[in-house]
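Encoded as C-alpha cells, the structure appears first; notes follow it.
The values are calculated or read from the model by the stated rules, or taken from the named source; none is laboratory data. Because the structure is predicted, anything quoted here is derived from the model rather than measured. Cβ: placed from backbone, ideal geometry, glycine included. Neighbour counts: every protein chain shown. To get the accessible areas, we keep the full protein, side chains included, count just its heavy atoms, and leave off ligands, DNA and RNA. Shrake-Rupley method; radii C 1.70, N 1.55, O 1.52, S 1.80 Å.
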Amino acid sequence: MSHSLLEIKDLIVSVEDKIILNGINLTIGSGELHVLMGPNGTGKSTLVSAIMGDPRFQIESGQILLDGKDITEMKADERAKAGVFLSFQVPEEIPGVTLEDFLRTAKGSLEKRPPKILQFKKELKEQMKALDMDPSYAERYLNVGFSGGEKKKTEILQLLMLQPKLALLDETDSGLDVDAVRTVTKGIRAFKNRKNGLFIITHNARILEGLDVDVVHVLEGGKIAYTGGQELISKITQDGFGVLGKGVGLHEGL
Amino acid sequence: MKDFKEEKTRVDQADRTIYDVKDRLDPAYLMDSGITPEIVNQISKEKNEPEWMRLFRLKSLKLYNEIPLPTWGPSLDELNMDQIVTYVRPKSTMKAKWSDVPDDIKETFERLGIPKAERKSLAGVGAQYDSEVVYHNVRAEVASQGVVYTDIESALTGPYSDMIRKHFMKLVPPSDHKFAALHGAVWSGGSFVYVPAGVSVEIPLQSYFRLNAPGAGQFEHTLIIVEEGAYLHFIEGCSAPRYYVANLHAGCVELYVGKNARLRYSTIENWSKNMYNLNTKRASVEEGGTVEWISGSFGSHISYLYPMSILKGKKARMEFTGITFAGEGQNLDTGAKVLHAAPDTTSHISTKSISRDGGNSTFRSVVTVTEKAEGSKSAVSCESLMLDSISRSDTIPVMDISCNQADIGHEAKIGRISESAIFYLMSRGLSEDDARALIVGGFAEPIAKELPLEYAVEMNNLIHLEMKGSIG
Amino acid sequence: MNTQINRLPVPTWNRTGVNWLDQKALPPDREYLQGRHLPYDGILPHGITLMDHLPAEVADIKSGMGEWLDESIRNGADKTCYLLGNGIASEPVIITQNLDLTQPVIRTHFAIKANPGSNLTVVQINRGDAKDGVIENLTQIDAQTDSFVRLISIQLLGKNSQSFDAVGARIGKGAKIELIRAVFGGKTAACGSMAHLEGQGGGYQQDTAYFTDEDQIFDFNDIASHIGRETVSEMHTAGVLSGHSSKILRGTIDFKAGSAHSIGHENETVLLLSPSARNRTVPLILCGEEAVEGQHAATLGRFDEKQLYYLCSRGLSLMEAKRLLVEARFMPVLNKITQDDLRQEILTIIERRLDEHEISS
C-alpha cells in the first residue's frame, strides 16, 4: 500500500455545541481517489470543511494528519500551504479582486515567492482553455456574477493551478449540466497523479466517469457506516442507501 | 539620511523654522488673539496684490469673525483658533526640520519607495527640489496648446488678472462658512489652469509639482477654467503624507466646466494625522459638460470634505467616486453635494468607507433637485465596511427633491468582512491578514481603477500598510 | 431641555432644513388648559385590562419626537389610556378621537404594557377638524419577553388642524412590535417614533403610508435603535406628494455597540405628482458595531416607465396603470388593517385625491 496522505483518527466535530461528526476514522493513501456518499444532512460537507479548517466547525477531539504531520490545530491558510485544497460547494464571491490576481496571490503565497508573470499567464490561459472557460473570466471579479457552472469550473481551475497534495471536492457536480460535469471530470482527470489524493463528495456517478475509484465511504449518523469499493456507487445510485442495510438511510433513495 | 542633514543645515541658515517662531513668541504678541486687518493688509502688501484683492481679504476677515463654527460634524473643540494667526503671518514660512517629521511618515516614504528628493518636498521640508524642473517642463508642453498652467499669485497681476477677478471665490463665496471666510482672508499660493475651447490636455496636470511655494498647501487656492469642448485631468496632492507643523488646512478649489467640456479632478489626500482638513471644493458645469471627482481620504485627524457640483446647464453631468479610510484617532467626515438646477442633468455618487482601530468615518451628502431640473437623474450608492467594534461608521445623506419629473435613487449598505470569505481565501493559502487586506483592497478597487496607475499602486500600498497596522 | 421636535439624531447642514421640525409645523400658539388625565372608559376585549397607574419604566420610554413634546403630553394629557396585555387579546382595541369646535385640542397619553407572551393590537383613529385644532398623542409601549404588539395609527383629520404623533417602544427579548401608520390629514402632521430594541432577538416592523396635497406639511422622524444582539428592524415608508405640499422623512437605523448580528433595513418610495411639491428624505445609518448588516434604499420621483409599459401591455390604460401603481404603494399598510370599513374609507380617500389631482405626469 502506498503511504498514507490523509489520516483521520477518531474525529469528533461540532457546530454550535451540536455534535455532527462522532468519531470518524479514515485513511487516504497517495495516488488514491476516495468517494464520500451519504444521505443529505449527515455531515459530508462538515467533514471536508473540518479537514480544510473552517472556523465554524469545532474539532472536539481526534486528529487530522497530512503526510504524517498533525494539522488539527492549523488555520486554513496553513493547511492550504501544507497541501489541502477544498472545492467549495458554494464558492465565495469576492468583489474587486480579479480571478487572475487572486490566483497569482494564492500561488505566490503557497510557493512562497511570486510566480513568474509570463509563465503564469501562459499556464492560466492553457488551463482555462482546457476547461472551456472564456479567457475574459481571468479579468472578472472572483466568482462575482458567475453562473453556478462557471463558479465550479473556477474551483477546478484553481485546483489545477495550485496543485495541492490533497483535493477535497464538495459536490462540485451538483447543479451542473451534463457538459459542465464532463468538463469538471476532465479537470479532475488532469489533476490526478500517483502522488496526490482526491476525496470527492457526490450524489451520482457522472462526475467519476473515467476515474478509478479506490474506496467509497458512506457517512451516516456522524460516522462512516459503510466502506467498500467502486461497485457500491452503482448500487447506491440505483437503489438508494437502503440497500446497504439497517441504519443507512433506510428509506432514502436518490 | 545623510543628504537630509545637509538640507536641514541649509534651511536653518536661510530661514527660521516654525519652532524658532514659537520660541520667539513674546507676551505682547500673544495678546493678538486672532487675525487682524493689519495682518491681512500685510499679507496683501507682501504679495503685491491688486487693491480689489486686499479689500476682498478684509471683507472675508470680517465674515470670518462673524460666522460661528459649524454646529454639525466632527468636533473642532481642539482646534486652537487663536493659533491660526501663527500659520498665516506672512513671515512664518512653514518649514520644518526633517528630524521633526514623524517616524510613521518617514517610514511610509520608505515603503512607498518615494524618491528622496520628493520626500523632502512632500514633508514640507524642502526649499528647492527637482520637481520645479518637472513643473517647468510640463508647463512648456501644455503651453504650446495655449493652456495656461501657473501659480495663481503671479496670475493675479499678469494677463489673466481680469479672468481671475471674475471667478475668484464666486463659486465658494467667503460667506459660505467660517473656513471659506478664513480662506478668503488669508489664502496663499495655489494653481491657476486655463484650458481654451476645444483643447484636450492629454497628460494629467499634477499640483504637487509646484508645492514648493512657501506656505502653500495650507490655504492654497486652485482655480481651473475649462472652456467649451475642452478636456483636462487635474491631480491634486499625492498619496504620500504631507507633513506640516501647523495643523490646519483650509484650501479652496473652484472649477468652471464649460459647455460640453470635461474635467476630471483627482485627489488622494494623505495629510499627516494631526491635520484638520477643512477644504472646500466646488464645480459649476455648463450645458453638456461633465465634472468627475475622484477622491481618496486617508490622512488627517479631522476632515470636513464635500466637493460640490452645480449642474447649471442642460444635460450637465457629475460623477463622484470616493473612498475614505479612517484609522486610529481619525474622524473623517466626507461626501459630496450636488445641485441639479437644469433639465436632464445627471449625477452619480459612489462611495466606500472603511473604519478600523477606533476610526470614525462619516458619509455626508446632499442631492438637491430643483423644480427646473426636469428629466434629471441621480443615483447615490454608499458602502461602509466596519473592521472592528471600536470604530464607527455613519451615513448621513439628504435628498431634497422639488421636481416631479426626476428619478432619484439612493442605496446605502453597511457591514463587515464575511468570515466565510476570509476562510475561502485562507483555504487557498493566504494568511488571515493578507485575506483581509485583499478583501479591503477589492472593496476599494472601483476607486483604484479610476486613478492613474502610479496613484492606484500607491493607494493599494497604502491600504496594505494601513491594514497591517505597520504605520501609526 | 432641548425643545426641538423631531430632531435628526446626528445633525447635518442647517441650510437643508432637516435637522428638526419645520417652524411652520410647530404646535399652534394657543391657550392650552391643564389636562385632566381622564382615564379611558371604553370597553376592552378579553386579555386587555386598564392600569390605574403608569409604571415608571414605561413612562421613561423616549419617543422619536424629543423629550420636550413627550413631557408636555405626559404632563398635560386630557385623556390617558394605560393598557395591560395579558395572554392573547380576543380582538383589537379601537380608540377613535374626534376633534370638533367643542373639543379643538386633544392630548392623549397612551401606554401599552405587554406582559411576557401576550399578544395585542391597538388601533388609534384620529378624525374631525377645528380651527387651530390640535391632536397630540404620545404612545409608550413596553413589549416584554416574547410578546407581540401591533399599533395601527390612522390619521384622517381635516386641514385646519395639526397632529403630533409620538411613539416610543421598548422591545424585549424575542418580542415584536409592529407600527402601522396611514397619514392623510392635518394642516401639518408630525410623527416621531423610536424603537428601542433592547432584548436579544427583538423585532420591529414599521409600515407607513401617506398622501399629501394642497399645502400640507408632513414631518417624520423614525428611529430604530439596535441595542440587543440579533435584533431586526424593517422600516418601510411609501408616499405620494401632490399640490404644494412638502414632506421630510428622517429614518435612522442606529446600531449601538453590542448589537452584534443585528439587521436593519429601511426603504422609502416617494411619488411626486406635482411640480410644486417638495420631498426631503434623510436616511441615516449609524454604526458602532462591526457584526451588523444595515441597508437603506430610496426611490424618489416619478413613475417607473418599465412598470407602466408592462401594465399597459396587459391592456390597462395609462391612467389605470398609474392608479394601480399608486394604490399598490398603500397595500403593505392597507393589508394590515383588518377592519373592512376602515380600509374602504382609506381607499376612498386615495381615490378621491387621485381624482382631484388628475395624474398628468
So how many residues does the range A:18-42 have that are farther than 24 Å from A:D173 by Cβ, without any contact (Cβ under 8 Å) to a residue 40 or more places away in the chain and loosely packed, with under 15 Cβ neighbours inside 10 Å? 1
In the range A:76-93, the residues that are in a helix (DSSP H, G or I) and more than 7 Å from chain B (Cβ to nearest Cβ): A:E78, A:R79, A:A82
Give me a count of the residues in the range B:325-354 that are open to solvent by less than 10 Å² (accessible area, probe 1.4 Å) and within 20 Å of the chain's Cα centre (by Cα). 11
Exception for B:K178 within (1) modelled with pLDDT of 95 or more; (2) of a type in the set (D, E, K, R); (3) surrounded by 20 or more Cβ atoms within 10 Å (Cβ to Cβ) falls at (1)
C:N267 is checked against (1) open to solvent by less than 20 Å² (accessible area, probe 1.4 Å); (2) modelled with pLDDT under 95; (3) within 15 Å of the chain's Cα centre (by Cα) and fails just one. What number does that condition carry? (1)
Among C:T348, C:T338, which is open to solvent by 40 Å² or more (accessible area, probe 1.4 Å), within 18 Å of the chain's Cα centre (by Cα) and farther than 22 Å from C:H244 by Cβ? C:T338
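Determine which member of the set B:T351, B:T345, B:T362 is among the β-branched types (V, I, T) and under 18 Å from B:W72 (Cβ atoms).
B:T362
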Please verify whether C:P116 is open to solvent by 20 Å² or more (accessible area, probe 1.4 Å) and either of a type in the set (D, E, K, R) or more than 18 Å from C:L151 (Cα to Cα) (or both), treating the condition exactly as stated. no
Residue hits (the range A:98-117; of a type in the set (D, E, K, R) and either within 12 Å of another protein chain (Cβ to nearest Cβ) or open to solvent by 20 Å² or more (accessible area, probe 1.4 Å) (or both)) are A:D101, A:R104, A:K107, A:E111, A:K112, A:R113, A:K116
Does the range C:31-50 contain any residue that is surrounded by fewer than 20 Cβ atoms within 10 Å (Cβ to Cβ), in a helix (DSSP H, G or I) and out of contact with any Cys (no Cβ under 7 Å at 6 or more places or on another chain)? no
Being open to solvent by less than 10 Å² (accessible area, probe 1.4 Å) and polar (S, T, N, Q) is the filter here, so list the residues in the range B:296-323 that pass it. B:S297, B:S300, B:S303, B:S309
With respect to B:S393, determine if the residue is among the hydroxyl-bearing types (S, T, Y) and either surrounded by fewer than 22 Cβ atoms within 10 Å (Cβ to Cβ) or more than 7 Å from every other protein chain (Cβ to nearest Cβ) (or both). no
Checking A:G31, A:G23, A:G96, A:G62 in turn, the sole residue that is over 21 Å from A:Q158 (Cβ atoms) and in a loop (DSSP other than H, G, I, E, B) turns out to be A:G31
Only one of C:P11, C:P28 is in a loop (DSSP other than H, G, I, E, B) and within 21 Å of the chain's Cα centre (by Cα). Can you tell me which? C:P28
Can you name every residue in the range A:1-17 that is surrounded by 15 or more Cβ atoms within 10 Å (Cβ to Cβ), among the small types (G, A, S) and closer than 21 Å to A:L166 by Cα? A:S4
Considering residues of the range C:11-30 that are more than 13 Å from C:F220 (Cα to Cα) and within 14 Å of another protein chain (Cβ to nearest Cβ) only, the residue most open to solvent (accessible area, probe 1.4 Å): C:R15
Working only within the range B:153-174, note down all residues that are open to solvent by less than 70 Å² (accessible area, probe 1.4 Å), under 21 Å from B:L63 (Cβ atoms) and within 20 Å of the chain's Cα centre (by Cα). B:H167, B:F168, B:M169, B:L171, B:V172, B:P173, B:P174
